[in-house]
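So that we are looking at the same thing, I have put the structure below in structure tokens.
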Amino acid sequence: MKPFPDSRFSRRAFGAGLLAAPLALSQNQPLGTLHPTVQALADASPLELSYLKPSFHDLAAYQRIARKQLIDLLHYRPAAVPLDAKILRQEQRDGYTQEHLTFQTTQQTRVPATLLFPAGRTKPAPAMIVLHDHGGFYVWGREKVIDTGADHPVLADFKAKYYGGRNIGVELVRQGYVVIVIDMFYWGERRFQEDADPAAMRERSLEMTAAQVKTANSRASQNEPTTARGLMTAGVTWPGVVFWDDMRTIDYLATRPEVDAKRIGCIGLSVGGYRSFVLAALDPRIKAAVDVCWMASFRQQLDEHLAHSVGFSFLIPGMYQYFDLPDLAALIAPRALSVLGGSQDKLFPVTGMRAAYETIAKCYSKARVPGNQTCNMYDSPHEFNLEMQRDTWEWLRPRLLAL
């Protein structure tokens, strides 16, 4: 791979692709005649807390100010509650143990999770938080990245298409990591359902037909705006709920004797990649973060990629007044960061990905740790393919596993 000038990211050839069911992107501007007004507003943003502004010199002082602003934008600060974790069942698998559990993230919220830890290990191990994707595929959440023992055929097809047929949580635990996966709000056990749903849909059994899976996913997609309005009416943001749960997941990992709490990383594809990147920006306990196929400069998203890449479930209102997305890299530095993208990814313009990669590189250079970040572009669509996985496991090993 030949790096782009003045950056630690790489370029490979271009093509075509997309996550989940193909999305018909309009050839016309999605904002119609309103585009010039909205674009002008974006262009006029001061990005007043970008670390690249000459007024910011001290990284630690900058991070205190910028992280507080980012947390404020989430509009979600629940009262502290005990985790009150409950292990529901434990399964012995080939080389690892798999636990299904729940823990409390707020007074109102109990989150379902799956924990995987290597068999026979006697010392605390590094841990990875695996953050599942969006995909317009809501019926399953954490099952996308673990071994269910008997995947529904639709779920198996999804894994084959977007994860190279691998359960990446299992790949990581077999390398020696403790792995945890939770269901993001609105996915898996926390998905949108209706009282009239038949038993097969409620239980997500193998008897659920492909048509029923499609209906459930389509219905959930259509109800995202209503759910977002409900959350905002309740005084909170959807990303606030998501990132609070993700930070509480770190809290839970730190309680487990199997885990070395000083070696925790996170990884995800698509919205999972976005969650990984922002979680690392919010919480310094993350020592290494991997963002797969969710990175761009927001300004470039307005042209044609707005409808299917900037969703209610992860849009942080008002953020662009203070930061572009890649600016959050300055909240991760000097910790390790890897960003992977696909040149064929139809959710993000290549120009936006390149601009974001340049910003990330500049943030780390200004922080005087340019070697602690890497941004790579592959000849691939919106996916975490086997080549990406191989490169990522090699990148993670000296940063977490070998310490």
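Can you report the number of residues in the stretch 247-268 which are among the hydrophobic types (A, V, I, L, M, F, W, C), surrounded by fewer than 20 Cβ atoms within 10 Å (Cβ to Cβ) and not in a helix (DSSP H, G or I)?
Number of matching residues: 1.
Which one is nearest to Val278 (Cα to Cα), of the residues in the stretch 131-156 that are without any contact (Cβ under 8 Å) to a residue 60 or more places away in the chain and touching a Phe, Trp or Tyr at 6+ places or on another chain (Cβ under 6 Å)?
It comes out as Gly141.
What's the total number of residues in the stretch 105-122 that are under 20 Å from Pro257 (Cβ atoms) and either assigned to a loop (DSSP other than H, G, I, E, B) or without any contact (Cβ under 8 Å) to a residue 40 or more places away in the chain (or both)?
Final tally of qualifying residues: 4.
Hand me the list of helices (runs of 4 or more DSSP H) wholly inside the stretch 157-246 holding 3 or more residues that are in contact (Cβ under 8 Å) with a residue 12 or more places away in the chain and in contact with a helix residue (DSSP H, G or I) (Cβ under 6 Å, 6 or more places away or on another chain).
210-233
Same structure, new question: Say whether the condition of being part of a strand (DSSP E or B) and β-branched (Val, Ile, Thr) is met by at least one residue in the stretch 270-290.
yes
Let me ask something additional. In the stretch 131-140, is there at least one residue being crowded, with 18+ Cβ neighbours inside 10 Å, assigned to a strand (DSSP E or B) and over 19 Å from the mean Cα position of the chain (by Cα)?
No, the conditions are met nowhere in the stretch 131-140.
Kindly check whether there is at least one residue in the stretch 204-225 that is within 19 Å of Ile286 (Cβ to Cβ) and either under 20 Å from the mean Cα position of the chain (by Cα) or of a type outside the set (Asp, Glu) (or both).
No - not one qualifying residue is present in the stretch 204-225.
I would also like to ask the following. Is there a residue in the stretch 113-122 that is at pLDDT 95 or above and basic (Lys, Arg)?
No.
Within the stretch 103-119, restricting attention to residues that are within 18 Å of Leu131 (Cβ to Cβ) and among the β-branched types (Val, Ile, Thr), which residue is surrounded by the fewest Cβ atoms within 10 Å (Cβ to Cβ)?
Thr109
Regarding Ala40, is this residue within 24 Å of the chain's Cα centre (by Cα), more than 24 Å from Val278 (Cβ to Cβ) and either modelled with pLDDT of 95 or more or among the hydrophobic types (A, V, I, L, M, F, W, C) (or both)?
no
Among the numbered criteria (1) touching a strand residue (DSSP E or B) at 6+ places or on another chain (Cβ under 8 Å); (2) surrounded by fewer than 17 Cβ atoms within 10 Å (Cβ to Cβ), which single criterion is violated by Ala150?
(1)
For the stretch 149-191, give me each residue that is more than 22 Å from Arg390 (Cβ to Cβ), aliphatic (A, V, I, L, M) and touching a Leu at 6+ places or on another chain (Cβ under 7 Å).
Of everything in the stretch 149-191, those that are more than 22 Å from Arg390 (Cβ to Cβ), aliphatic (A, V, I, L, M) and touching a Leu at 6+ places or on another chain (Cβ under 7 Å) turn out to be Ala150, Ile180.
Can you name the residue in the stretch 57-77 that is over 21 Å from Phe312 (Cβ atoms) and touching a residue at least 40 places away in the same chain (Cβ under 8 Å) and, of all such residues, is surrounded by the fewest Cβ atoms within 10 Å (Cβ to Cβ)?
So, considering only residues that are over 21 Å from Phe312 (Cβ atoms) and touching a residue at least 40 places away in the same chain (Cβ under 8 Å), the one surrounded by the fewest Cβ atoms within 10 Å (Cβ to Cβ) is Gln69.
Another one. Does Arg229 satisfy the criteria of being within 30 Å of Pro284 (Cα to Cα) and of a type outside the set (A, V, I, L, M)?
No: the conditions fail for Arg229.
The values are calculated or read from the model by the stated rules, or taken from the named source; none is laboratory data. Only a predicted model underlies this, so the values are computations on that prediction, with no experimental measurement involved. Note that each Cβ is placed from the backbone with ideal geometry, even for glycine, and that neighbours are counted across all protein chains shown.
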